[in-house]
Each structure stands twice: as structure tokens, then as C-alpha cells.
Amino acid sequence: MAGFKTLDTIGDIKGKRVLVRVDLNVPMADGKVTDDTRIERIVPTIIELADKGAKVILLAHFGRPKDGPDPVLSLKPIAEAAAKVIGRKVAFATDCIGENAAMAVAALKDGDILLLENTRFHKGEEKNDKAFTEALAKNGDIFVNDAFSAAHRAHASTEGLAHNLPAFAGRTMQAELEALEKGLGNPVKPVVAIVGGAKVSTKIDLLMNLVKKVDALVIGGGMANTFLVARGSKIGKSLAERDLADTAKQIMIEAATAGCAIILPVDGVVAWEFKAGAKNETVGIDAVPEDGMILDVGPKTVEAINQWIDRAATLVWNGPLGAFEIEPFDRATMAAAKHAATRTKAGKLVSVAGGGDTVAALNQAQVAEDFTYVSTAGGAFLEWMEGKPLPGVEVLKA
């Protein structure tokens, strides 16, 4: 991977202590991991390092501890879950620095795996404190960052360590960066982006960046309503940020200047209450009843979106087209997702998607595995789409 130091250039690591920053911020219920997707993603890096004889020492955060150690936010149960997924023993240390960590590291044999306790139990983690970073670095000879999802934060275990130890991108980080390069960095054109979700206010930077980089921008979800208001459409009681109509107009002006087509809904599925199975009807976008709410884009809009997907060589997707969590307002998102998956499987489309709701929607449509790449990174994926440098990535550049 041009421009970044990866495991391909790490050299002989037999007997070396390798600190590996991973994402173990997994969903839990009753002390058990309920979704081990993020654990599965880090297995290739861990196995590769262990099989080459490294002493693999995992660093991770979990949740947002407010004031020091919190038993509820301990990584100990995640160590047990990780061992099952990896298929090897994962030892656990009750701290990430100090005597407990040092003793656990000293007990490792070549190829062993150790998980240190939640880095956020120390305030120095989020402050990227020099003394805390140095205390972490004492336990390692090499630093590998495999947590793209935390790369937008300049914390001790994501950015600071790279200034203290030789630093490399793990396989998951590498796969993410390669996929993102195909998505927006150096994509095959034409490029189409689908951006949905509830609010324009959370995605202004994203939209402003995308209109300069893509050939067409499809806007769905509640945020499309704000653009419809800006265009003068009456949207009844639909969710919209009416105070951002001028911002929406400016984005449309920027798009026109850059030669980017903006694709807005031409029809919508309207209901009178927000609940599963609610009475609904499909209407033209200029015929929304005064007392109705647009909860999904309609079939004509889906047809237009699919036509753009057919023209595209690259698709970048962030956010659903409607209220996909409840039926029947999931239809548009499901239909477009399946169409994109079919094109991808046929070798005609590079499809990169990310963001919590997007991942959930693609899983619901049962097509996540058919996309070229699905990022579980959330905030880091969004900041990358906004064109912002990510501290945890910048320090891995060769």
C-alpha cells in the first residue's frame, strides 16, 4: 500500500513485543458480547503477528469511563470473547500501564496474546499525555494500529505511540485505507454518493466535500426534506431543518459549479404516524398532504437512484434513504442496496459503505457481504468522507 508502513515492511518480529491498537468497543448485554463483528475484523493481524513469533499485546478502549476504573467497562469479558473468535488463549492484565501490565507482558512467550485493560481508565489516554504514552510504550518494541475506527482521535494509544515506537498499519487498517482510496481518494469514475440520515446539520462538511469529488450526489432520509424546503416544496409535517434551507441552497450552488448532479426525491411514501405498519400512501413530492410525513422515498425515486448506480463505476454510501428501522419505510433503502450489491457482484461497481445506520441497513438487506467494503468505523469513516486528515492515519505514513 503506497504511502503507508504496513506489516509487509515490519521485518523480523520473533520475540518482539508488539503493541496492537484494536477496536473492541463491541455491544454488550448481561456481561456478554452480542455482536463480535469488530473482533472478527482484527483476527488476521493478530494471527499473523503471533504466527511470526511476536508477543502480541492488545490495546483498546471500551465505552466512556468518567472517572478512572469502572468494573462495568472492564475489557475482561471481551478477552474471553476474543479468545473464542481468535481460537487461541488471550491473557488479560488488570491495567494497561504500571506493574500489573509489566508483569503480564514479562510472562508472555513468543506467539502469546495479551489484552491490557481499558486505556480510557487513565485520563492521559484521551489527552494524549506524554507521560502516559511513554508508560504505554514501555511494554512494547513495535506499535501496530489496526483500529481505523479510532483513528480520527489523537489519543495516546492511537496517535501518541507512533512517536515513541516504530509504527505500522495492521491488516484491517490497511484494508480500510485501500477501500477508501478506491472510494474517494483515487476512484474509477463516474462516482455516485448516496447520503441519507435525519439531519443536514451533522453532514454539512461531508456534503460540501462530496459535491467537489463525485459526479452525482443522491440525498435521502430526513435531510432530503431540508433540500426540498430550500427548493420551495411543501413537505407537510415531515422532519426538516428549515433554518438550514439557505445552507442547502449553498450546497446546491456548489454542486452546480462543480458539475455534480444533485438527486432529490421525486416521490415519497407518506404516513400520518411514525410506527410500523402505519397507514401510508405514495405521492409525488409536490403533492404531500399538509398533515402527512414523508418517511421514505418512493418507487420513482428508487428507479432514478438505480439508474445512477447503473452509470456509476464507484459508489460511496453513508446513511439510509428512509426510516428503514420500521416497515414498510425500509423498502427504498433495501431496493437500492440490493441493486448496488448485484452490480458489485457482477464486477461492474466498486461499492464502499460506512456508518452505523448504513451497516445496519445493509445487514437488514442481507447484502453487506456483497459490497466491496463495508466500514464499521462510524465517526472516522464520516471524517474521512469530509476530507479531514485523521491523526491515527497520518502518523503511519511512510
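The values are calculated or read from the model by the stated rules, or taken from the named source; none is laboratory data. Computed from a prediction, not measured in an experiment: that's the story for all the values here. Cβ coordinates were reconstructed from backbone atoms using ideal geometry, including for glycine residues, and neighbour counts include every protein chain displayed. These area figures cover heavy atoms from the full protein model, side chains too; ligands, DNA and RNA do not enter into them. Shrake-Rupley method; radii C 1.70, N 1.55, O 1.52, S 1.80 Å.
Kindly report the accessible area of the range 9-164 per residue (heavy atoms of protein chains, probe 1.4 Å, no ligands, DNA or RNA), in Å².
The answer is 44 Å² per residue.
Please find the FRET efficiency linking residue 37 to residue 72, where r is the Cβ-Cβ separation and R0 is fixed at 22 Å, and quote it to the nearest 0.05.
The value I calculate is 0.50.
Cross-link list 16/127; 14/123; 55/138; 213/338: which exceed 23 angstrom alpha carbon to alpha carbon? Provide the component values of the computation, followed by the final result.
Values: 16/127 28 Å; 14/123 33 Å; 55/138 14 Å; 213/338 25 Å.
In this structure, 16/127; 14/123; 213/338 exceed 23 Å between Cα atoms.
Taking amide H positions as placed in the peptide plane 1.01 Å from N, state which residues far from residue 28 in sequence (5 or more) or on other chains have amide H under 5 Å from it.
Answer set, sorted by chain and number: 34.
Find the percent of Cα-Cα distances in the range 194-311 that exceed 18 Å, and round it to a whole number.
On the way: 3360 of 6903 pairs.
Of all Cα-Cα distances in the range 194-311, 49 percent exceed 18 Å.
If each residue of separation counts as 0.36 nm, what is the full-extension length gain between residue 12 and residue 307 once their alpha-carbon separation is subtracted?
Numbers: separation 295, 0.36 × 295 = 106.20 nm, distance 5.06 nm.
Stretched fully, the residue 12-residue 307 segment lengthens by 101.1 nm.
So, in nm, how far is label residue 386 from label residue 129 when the simple model puts each one 7 Å beyond its Cα toward the Cβ?
Between residue 386 and residue 129, the simple spin-label model gives 2.7 nm.
Around residue 92, which amide H atoms from residues at least 5 apart in sequence, or from another chain, sit under 5 Å from its own amide H, with H modelled in the peptide plane?
The answer is 115.
Using θ = phi - 60° and the Karplus form 6.51 cos²θ - 1.76 cosθ + 1.60, what ³J(HN,Hα) does each residue of the range 286-296 get, whole Hz, x for Gly and Pro?
Karplus-based 3J(HN,Hα) across the range 286-296 equals 9, 10, 6, x, 4, 9, x, 10, 6, 10, 6 Hz.
Once you charge only the Cβ atoms, +1 for Lys and Arg and -1 for Asp and Glu, what is the size of the charge dipole of the range 216-278 about its Cα centre, to the nearest 20 debye?
It works out to roughly 160 debye.
What nm value, rounded to one decimal, do you get for the distance between residue 189 and residue 290 when each label is placed 7 Å out toward the C-beta?
4.7 nm
Per residue of the range 297-302, what does 6.51 cos²θ - 1.76 cosθ + 1.60 with θ = phi - 60° give for ³J(HN,Hα)? Whole Hz please, x for Gly and Pro, Karplus curve as stated.
7, x, x, 5, 5, 4
Using a Förster radius of 45 Å, what is the FRET efficiency between residue 181 and residue 272 based on their Cβ-Cβ separation? Nearest 0.05, please.
Efficiency, rounded to the nearest 0.05: 0.50.
If you line up the long axis of helix 245-258 against the longest principal axis of the chain, both from Cα atoms, how many degrees apart are they, to the nearest 10?
80 degrees
Can you tell which of 113, 124, 143 lies farthest toward the positive end of the dipole of the range 111-151, using +1 and -1 charges on the Cβ of basic and acidic side chains (Lys, Arg; Asp, Glu)?
Going by the Cα projections, it comes out as 124.
With θ taken as phi - 60° and the coefficients 6.51, -1.76 and 1.60, list the Karplus ³J(HN,Hα) couplings across the range 111-122 in order, rounded to whole Hz; mark glycine and proline as x.
The phi angles translate into x, 6, 10, 9, 10, 8, 5, 2, 4, 7, 5, 10 Hz.
Which is the longest stretch in the chain that no exposed loop site breaks, taking sites as chymotrypsin sites (Phe, Trp or Tyr not before Pro) with a DSSP loop state and at most 16 other Cβ atoms within 10 Å? Before the final figure, lay out each step's value.
Details: sites that count: 272, 274.
Answer from the scan: 1-271.
Report in % the part of the accessible area of the range 109-255 that belongs to carbon and sulfur, leaving out ligands and nucleic acids; probe 1.4 Å.
Result for the range 109-255: 49 percent of the exposed heavy-atom area is carbon or sulfur.
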